[in-house]
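The values are calculated or read from the model by the stated rules, or taken from the named source; none is laboratory data. Worth saying up front: this structure is predicted, and the values here are computed from it rather than measured. For neighbour counting, all protein chains shown are included, and Cβ atoms are generated from backbone atoms with ideal geometry for every residue, glycine included. What goes into the accessible areas is simple: the full protein's heavy atoms, side chains included, and nothing from ligands, DNA or RNA. Shrake-Rupley method; radii C 1.70, N 1.55, O 1.52, S 1.80 Å.
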Amino acid sequence: MSNKDKAFTLAEVLITLVIIGVIAALTIPAVINTTKDREFEVAAKKAAVEMTRIASDEYRFNDRLLYDRWVENGKNPQKFIQNYLSKYMNMNSTGVMKLPDGTEQEGFITADGMKWFISEDFDRDAMLIVDVNGDRGPNKIGRDIQSLMPAKLIQKIDKNHSNSGTNCYSTGDVGANPDWMQSWAVMSVSNVNCNTGENITSDPPSGVDTGSDNSSDYYSDSSADTESANPDYYSDSSSDYY
């Protein structure tokens, strides 16, 4: 048998290349998006750890809670940023900035390009909205835009509050538990929209106990992630701080 009889025809080669191209076109974008989402998740958790570090240092060196500094600055986001957070974070700029949905909130941009916003209801929910890659895309909630909240507040969340006609999960005034602001975590995408006016699911997923500490399966992070790094400062009791 000659070598000519064993060779692939041009048509067979072209068909094979087409099949490979189709498979690549279907799988590569998904792989890229998954990789980016993982990067966004890591960046958001890094931001939560940064807030926990700030709270830890403030208590360690000045014997003050993060919430104490919020109150001392008149519960004013601009003063809180300029008089307090700027001492711990390398900021490029501060001021009123726009979220992708067009709403304006007080915030700042750190040296790594991350945009931080203080929610309008910060005294109640202590929510920080973070765009982990700044103005670069996709600028979508739940991807590069994440929300940070006190880890214990996330765990205690239940459906008993309606904000601007939107069902949200909140335990109310965080000032009643000021020590909760000592440990931060990334909030579930299901609840990120509470302060942006977008529609969210009115009920939590079936089987989720939102009124107990065992809701970590529903929320994207738990206090264990941030507390484990600073076991001396975070516990279930406020006795650590007073």
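Here the dipole of segment 1-94 is about 160 debye; that uses its Cα centre as origin and unit charges on the Cβ of Lys and Arg (positive) and Asp and Glu (negative).
Computed from label points 7 Å out along Cα-Cβ, the spacing between Ile23 and Glu72 is 6.2 nm. Sorted on the mean count of surrounding Cβ atoms within 10 Å across their residues, most packed first, peptides 21-34, 39-52, 76-89 read 39-52, 76-89, 21-34. A simple spin-label model places the labels of Arg64 and Thr34 4.7 nm from each other, with each point 7 Å out along Cα-to-Cβ. Ignoring ligands, DNA and RNA, what percent of the 1.4 Å accessible area of segment 21-147 is carbon and sulfur? After summing per-atom areas, the C and S share lands at 51 percent. Using the 1.4 Å probe convention, the accessible area of segment 70-148 works out to 44 Å² per residue with neighbouring protein chains retained.
In summary, the lysines within cross-link reach of Lys87, defined as a Cα separation below 26 angstrom excluding same-chain residues under 8 places away, comprise Lys45, Lys46, Lys75, Lys79, Lys98, Lys115, Lys152.
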